[in-house]
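See below for the structure under consideration.
The values are calculated or read from the model by the stated rules, or taken from the named source; none is laboratory data. Treat the numbers as computed from the prediction; the structure is a model and nothing was measured. Using ideal geometry, Cβ is built from the backbone for each residue, glycine included, and neighbour counts are taken over all protein chains shown. Keep in mind that these areas ignore ligands, DNA and RNA; they rest on the heavy atoms of the full protein, side chains included. Shrake-Rupley method; radii C 1.70, N 1.55, O 1.52, S 1.80 Å.
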Amino acid sequence: MTNQTPPAFPLSRPRRMRRTPALRALAREERLSTDDLIWPVFLCDGEGVTQEVASMPGVIRRSVDLTVEAAAEAHAAGIRAICLFPYTDDSVKTPDCAEAWNPENLTNRAIRGIKRAVPDIAVMTDIALDPYNPDGHDGYVRDGIILNDESVEALVKMALAQAEAGADILGPSDMMDGRIGAMRAALEEAGHGQVTIMSYAAKYASAFYGPFRDAVGASGALKGDKKTYQLDPLNADEALRAVARDIREGADMVMVKPGMPYLDICRRVKDAYAVPTYAYQVSGEYAMIRAAAGNGWIDGEKAMMESLMAFRRAGCDGVLTYFAPEAAALIRAGWE
Ligand SMILES: NCc1[nH]cc(CCC(=O)O)c1CC(=O)O
């Protein structure tokens with residue numbers, strides 16, 4: 001931090017440094033690169049299948065074969081990681097959520113397919129019971145209560161199945177207490193000590209997840225809200241404690257979610273812990289930018305790039321964004 005007050009006008013004319021593209025580039029503090037992008041994708045059953053997600057224009061669900069192709073294209077465009085989310089039909093949802101750790105479930109088949117065809121792209125997963133749960137919650141529900149310890153046991157099984165399938169990054173998004181430590185211990189014991197965990201550590205109870213729940217088929221199922229496990233949007237200290245705890249339990253990377261309304265949390269996490277820090281620009285954020293652009297109210301490309309650059313400025317090492325392919329193409333074309 002500088003303690004020097006800039007000299008008074010006209011010794012200081014800050015506009016001098018903004019006069020030309022060259023001067024602005026020299027003074028630029030941050031960069032957005034394709035290395036910073038993690039692309040979340042939605043999986044569906046079948047072969048050669050694509051389905052539009054109504055509330056996320058431009059986003060599609062893909063069957064595993066087409067997801068493997070999309071991963072290859074993403075890799076060629078410079079994207080480093082892809083994150084898998086399964087759309088699950090009501091028919092595979094059971095009270096014990098057993099499909100979550102089925103080695104042949106959509107996610108695990110996609111992990112194996114991508115690692116076989118595109119070994120260099122990192123494959124990230126989601127760990128939570130909501131796509132498999134008739135209640136739509138991230139953990140088991142009994143008498144209206146979201147159970148913690150029983151849910152963690154199930155989540156550990158899910159993590160092990162994904163590690164077994166070859167996942168590079170496990171992404172527990174469930175917000176149960178103690179799950180990172182339990183997963184880390186189970187991974188070590190099973191010989192998967194090299195698998196990384198990106199904890200959804202500062203995950204808020206947010207209205208911005210609405211379109212995602214449509215995309216994975218969980219919105220009809222969800223009873224009530226997730227406020228007994230996700231964070232209160234008015235709390236920041238609590239988020240820092242959650243991050244500290246997950247790092248101590250063995251998380252390699254931590255995430256703040258949603259992104260744009262929580263940039264202050266990104267900055268505080270990075271400053272406090274100096275660990276690899278990511279933001280999730282969630283479905284509702286994507287939908288807002290798309291909808292406004294679709295109506296001609298904002299320039300979609302510019303708003304998208306500005307939103308992604310803001311994560312870098314806020315201290316994030318990367319961002320999960322549905323815009324990843326588009327942003328990568330613009331970055332490679334020399335976007336400033
Ligand atoms: N545990 C499920 C999960 N994993 C990622 C998201 C949201 C992602 C997005 O909105 O883009 C959610 C939704 C939720 O917690 O209800």
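The set of residues from the range 195-232 being within 21 Å of MET260 (Cα to Cα) and more than 11 Å from the ligand (Cβ to nearest atom) comprises MET198, SER199, ALA201, ALA202, LYS227, LEU231, ASP232.
When you scan the range 95-112, do you find a residue that is buried (at least 21 other Cβ atoms within 10 Å of the Cβ), in contact (Cβ under 8 Å) with a residue 40 or more places away in the chain, within 15 Å of the ligand (Cβ to nearest atom) and under 18 Å from the mean Cα position of the chain (by Cα), even just one? Yes, the range 95-112 contains a residue that is buried (at least 21 other Cβ atoms within 10 Å of the Cβ), in contact (Cβ under 8 Å) with a residue 40 or more places away in the chain, within 15 Å of the ligand (Cβ to nearest atom) and under 18 Å from the mean Cα position of the chain (by Cα). Quick check on VAL282: is it within 16 Å of the ligand (Cβ to nearest atom) and crowded, with 16+ Cβ neighbours inside 10 Å? In short, yes.
For the range 212-224, the condition of being within 13 Å of the chain's Cα centre (by Cα) and either of a type outside the set (S, T, N, Q) or more than 21 Å from ALA122 (Cβ to Cβ) (or both) holds for at least one residue. For the range 285-307, the condition holds for no residue, the condition being that it is surrounded by 18 or more Cβ atoms within 10 Å (Cβ to Cβ), more than 13 Å from the ligand (Cβ to nearest atom) and not in a helix (DSSP H, G or I).
Just one of the numbered conditions (1) over 24 Å from the mean Cα position of the chain (by Cα); (2) part of a helix (DSSP H, G or I) is not true of GLN4: (2). crowded, with 16+ Cβ neighbours inside 10 Å, without any contact (Cβ under 8 Å) to a residue 40 or more places away in the chain and more than 13 Å from the ligand (Cβ to nearest atom), is that true of VAL275? Answer is yes for this residue.
The one condition from (1) part of a helix (DSSP H, G or I); (2) away from the ligand (no atom under 13 Å from the Cβ); (3) open to solvent by less than 40 Å² (accessible area, probe 1.4 Å) that VAL254 does not meet is (1).
Here's the yes/no breakdown for (1) among the β-branched types (Val, Ile, Thr); (2) open to solvent by 70 Å² or more (accessible area, probe 1.4 Å):
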{"residue": "ARG28", "(1), (2)": "no, yes"}
{"residue": "ASP35", "(1), (2)": "no, yes"}
{"residue": "THR50", "(1), (2)": "yes, yes"}
{"residue": "MET56", "(1), (2)": "no, no"}
{"residue": "THR67", "(1), (2)": "yes, no"}
{"residue": "ILE82", "(1), (2)": "yes, no"}
{"residue": "PRO86", "(1), (2)": "no, no"}
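Of all the numbered requirements in (1) open to solvent by 20 Å² or more (accessible area, probe 1.4 Å); (2) away from the ligand (no atom under 15 Å from the Cβ), ALA310 misses one, and that requirement is (1). The condition of being under 29 Å from ARG116 (Cβ atoms) and open to solvent by 20 Å² or more (accessible area, probe 1.4 Å) holds for only one of GLU238, GLU249, GLU189, GLU150, that being GLU189.
Of the residues making up the range 187-202, just one is part of a helix (DSSP H, G or I) and under 21 Å from ALA242 (Cβ atoms), namely LEU187.
Among the residues of the range 206-216, those identified as within 16 Å of SER173 (Cβ to Cβ), in contact with a Ser or Thr (Cβ under 9 Å, 6 or more places away or on another chain) and not β-branched (Val, Ile, Thr) are PHE208, TYR209, GLY210, PRO211, PHE212, ARG213, ALA215.
Return yes or no: is ALA54 out of contact with any Phe, Trp or Tyr (no Cβ under 9 Å at 6 or more places or on another chain), on the phi < 0 side of the Ramachandran plot and within 16 Å of the ligand (Cβ to nearest atom)? When the stated conditions are applied, ALA54 passes them.
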